[in-house]
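Everything below concerns the one structure shown next.
The values are calculated or read from the model by the stated rules, or taken from the named source; none is laboratory data. Every value quoted in this text rests on a predicted model; they were computed, and no experiment measured them. Heads up, the Cβs are rebuilt from the backbone with ideal geometry, glycines too, and the neighbour counts pull from every protein chain shown. We work out accessible area using only protein heavy atoms, side chains counted, and drop any ligands, DNA or RNA first. Shrake-Rupley method; radii C 1.70, N 1.55, O 1.52, S 1.80 Å.
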Amino acid sequence: CTSLETVSIPDSITTIASSAFYQCTSLKTVSIPNSVTSIGTQAFRSCTSLETVSIGNSVTSINDEAFKSCSGLKTVSIPNSVTSIGASAFFKCTSLKNVSIPDSVTTIGGYAFYYCTSLMAVIIPNNVTSIGDYAFYYCANLVTLGIPDSVRSIGSYAFNICGKLESVSMGDNVTSI
């Protein structure tokens, strides 16, 4: 559906299935209603024109590759209901500058923000216990990083090729990097 520019998701929808809007390359804005509890694997993958995503307050998981390769994505609002951000969820979202991860998130999967080259600041929320492998790999413009006391382990290459990283605040409980 390469010509689809807008979509109105009604309140009767509870799940956005895997690959539901895969490669809808003209889709610009998505508002996910409060009735939706899950965003499926690759649901919006390769929606290259997608700029803004508003996620409803009932979504608990952003599954693997949900927004992978959404190169035009500039803004995403993640609500406090989300507890997990899946592997490669925002992989290669090269226009994403800032992301606010709420305290409700306990898991950030591997490759979650891999190659988000415009990302400048990341504050990891207080309930995250581990940061997956390659989670923020090649975030070339990442300047500020905050890691709370709740984090115990940081995966391989988690912040590799973050050449502009100037400030890292790391909690006292990290036992493995």
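Residue by residue through segment 12-28, what is 3J(HN,Hα) from phi via Karplus (6.51 cos²θ - 1.76 cosθ + 1.60, θ = phi - 60°)? Round to whole Hz and write x for glycine and proline.
Computed from phi, the couplings for segment 12-28 are 7, 7, 10, 9, 9, 5, 4, 6, 4, 10, 3, 6, 7, 5, 9, 5, 9 Hz.
Write down the accessible area per residue of the chain in Å², having rolled a 1.4 Å probe over the full set of protein chains.
44
Between the DSSP loop rule and a limit of at most 16 other Cβ atoms within 10 Å, which trypsin sites (Lys or Arg not before Pro) in segment 50-132 are left?
Sparse-neighbourhood loop trypsin sites (Lys or Arg not before Pro): Lys74, Lys97.
If you bin every alpha carbon distance in segment 76-115 into 5 Å steps from zero, what whole percent lands in each bin?
7, 26, 29, 28, 10, 0
Note down the nm distance, to one decimal, between modelled labels 7 Å out along Cα→Cβ at Arg152 and at Thr14.
Taking the two extended label points, one gets 3.3 nm.
Based on the alpha-carbon gyration tensor of segment 34-100, what equivalent-ellipsoid semi-axes (square roots of 5 times the eigenvalues) come out, in whole Å, largest first?
18, 12, 10
So what's the net charge close to Phe91: Lys and Arg +1, Asp and Glu -1, counting the other residues with Cβ under 14 Å from its Cβ?
Here the charged neighbours net out to 0.
Give me the percent of the accessible area of the chain that comes from carbon and sulfur atoms, probe 1.4 Å, all protein chains in place.
45
On each of the three principal axes of the Cα atoms of the chain, give max minus min coordinate, whole Å, ordered largest first.
That works out to 46, 28, 19 Å along the principal axes.
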